[in-house]
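The values are calculated or read from the model by the stated rules, or taken from the named source; none is laboratory data. Because the structure is a prediction, the values reported are computed rather than measured. Note that we place each Cβ from the backbone using ideal geometry, even for glycine, and neighbour counts take in every protein chain shown. Protein only, heavy atoms only, side chains kept; ligands, DNA and RNA dropped before computing areas. Shrake-Rupley method; radii C 1.70, N 1.55, O 1.52, S 1.80 Å.
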Amino acid sequence: MLGAESHSGTTSQAINQEFSSDARPYGLVCGYIFKEGQAKAITLEDYARWQAGDGLIWLHFDIRNARARQWLSEHSGLSETAVHTLLSEETRPHVWREDDSLIMALRSINFHPNAEPEDMVAVRAYADKHKMITARRRSLTSLRDLAGSMADGVGPASIAHMLIHLTGSLTMQLVSAIDSLEDKMDALEAGVLDDFRQQRRVHVMELRRKCILLRRYLAPQREALARIYIEPISWIDERVRMQQRHIADQLVRYVESLDAVKDRAAVVQEELASRVADQLNTRMYILSVVAALFLPLGFILSVFQLKVLGKPLVEYPLGLPALVLAIIIAVSAQVIIFKRKGWL
């Protein structure tokens with residue numbers, strides 16, 4: 001048992017190092033040949049001698065490496081469209097059929113340390129009946145898991161099953177990200193009645209931004225996955241099509257969940273804005289009432305400052321009591337009128 005654990009740990013470390021290193025020839029991150037559930041590692045030299053009857057091939061490249069880009073362009077034997085997709089800088093999720101092969105650009109959640117999930121990682125792939133060639137610029141967990149399985153000698157039954165593993169893994173990775181967004185949304189909704197400070201409004205805006213960015217890639221990816229089981233590819237049988245359709249339906253549900261979170265965030269944001277507006281209106285109303293109360297008082301004071309027979313009214317013996325009485329009467333009259341009007 002200890003020996004098995006040691007071997008598993010060594011394999012995992014080797015795969016992690018393999019996926020993080022650019023030192024392999026021609027930027028080949030990993031290469032495997034598999035047949036009847038068995039897999040073994042190969043090099044590009046082995047691939048040059050490979051024939052279809054030898055087994056199925058998977059080559060995975062890091063296209064940050066200039067030699068990887070050169071090999072794909074000059075020695076891969078792929079069409080110009082396939083090479084362009086594998087080497088593209090920015091990719092919108094899509095799936096194209098070319099003869100009896102598929103050319104794909106898909107997106108995965110970014111699990112790198114200190115990375116935002118909505119900063120999605122692109123995976124580009126070419127697949128036909130006998131081989132799959134994938135390319136990336138940043139490491140992907142789903143492909144690392146697949147490489148780990150093959151490094152242990154276990155390979156998929158076919159390229160179609162390998163495709164299911166890839167698309168299924170990319171889709172399942174969305175669960176944790178969307179669950180996290182829903183939990184944050186629940187917390188914001190629970191606290192909105194007690195706290196509508198600026199900081200909470202910023203949190204709602206940030207949540208909406210994340211939903212929008214995620215949906216930007218997931219919506220076209222939903223359509224791309226649907227094309228995989230719709231396109232008439234000979235090496236994808238009916239059972240695999242049904243599995244692929246199930247994966248696409250899962251992605252549809254995740255996109256709908258994302259839309260629901262985005263809509264809930266919009267409602268909360270509107271509620272927060274409404275509360276802030278109500279608070280501002282209340283303050284402005286109070287200021288208006290105070291100003292209305294002091295307006296006649298200013299007029300009364302100005303009247304009592306007028307000179308009659310050479311001196312202001314306030315300086316006469318009954319001037320000050322008359323001034324106070326006039327102010328009391330004016331304020332009382334205003335309060336009575338405001339209450340009858342429902343303004344107080």
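Okay, here's what the table says:
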item	result
Members of region 59-105 found to be open to solvent by 30 Å² or more (accessible area, probe 1.4 Å) and hydroxyl-bearing (Ser, Thr, Tyr), listed by number	SER73, SER79, THR81
In region 132-157, the residues that are buried (at least 17 other Cβ atoms within 10 Å of the Cβ) and assigned to a strand (DSSP E or B)	MET132, ILE133, THR134, ALA135, ARG136
Hits in region 60-108 - residues which are closer than 21 Å to ARG227 by Cβ and part of a loop (DSSP other than H, G, I, E, B)	LEU78, SER79, SER88, GLU90, THR91, ARG92, PRO93, ASP99, ASP100
Extreme residue, modelled with the lowest pLDDT, among residues of region 242-277 that are out of contact with any helix residue (DSSP H, G or I) (no Cβ under 7 Å at 6 or more places or on another chain) and open to solvent by 70 Å² or more (accessible area, probe 1.4 Å)	GLU271
The one condition in (1) open to solvent by 10 Å² or more (accessible area, probe 1.4 Å); (2) assigned to a helix (DSSP H, G or I) that ALA160 fails to fulfil	(1)
Extreme residue, modelled with the lowest pLDDT, among residues of region 178-196 that are assigned to a helix (DSSP H, G or I), within 15 Å of ARG208 (Cβ to Cβ) and open to solvent by less than 20 Å² (accessible area, probe 1.4 Å)	LEU188
Test: residue in region 261-282 that is charged (D, E, K, R), over 23 Å from LYS210 (Cα atoms) and either in a loop (DSSP other than H, G, I, E, B) or in contact (Cβ under 8 Å) with a residue 24 or more places away in the chain (or both)	yes
Leading residue by the ranking (modelled with the lowest pLDDT) among those in region 305-322 that are open to solvent by less than 70 Å² (accessible area, probe 1.4 Å) and in a loop (DSSP other than H, G, I, E, B)	GLY310
Residues (farther than 16 Å from GLN221 by Cα and surrounded by fewer than 23 Cβ atoms within 10 Å (Cβ to Cβ)) located in region 121-131	ASP128, LYS129, HIS130, LYS131
Selection from region 42-52 of residues that are assigned to a helix (DSSP H, G or I), open to solvent by 60 Å² or more (accessible area, probe 1.4 Å) and farther than 16 Å from CYS30 by Cβ	ALA48
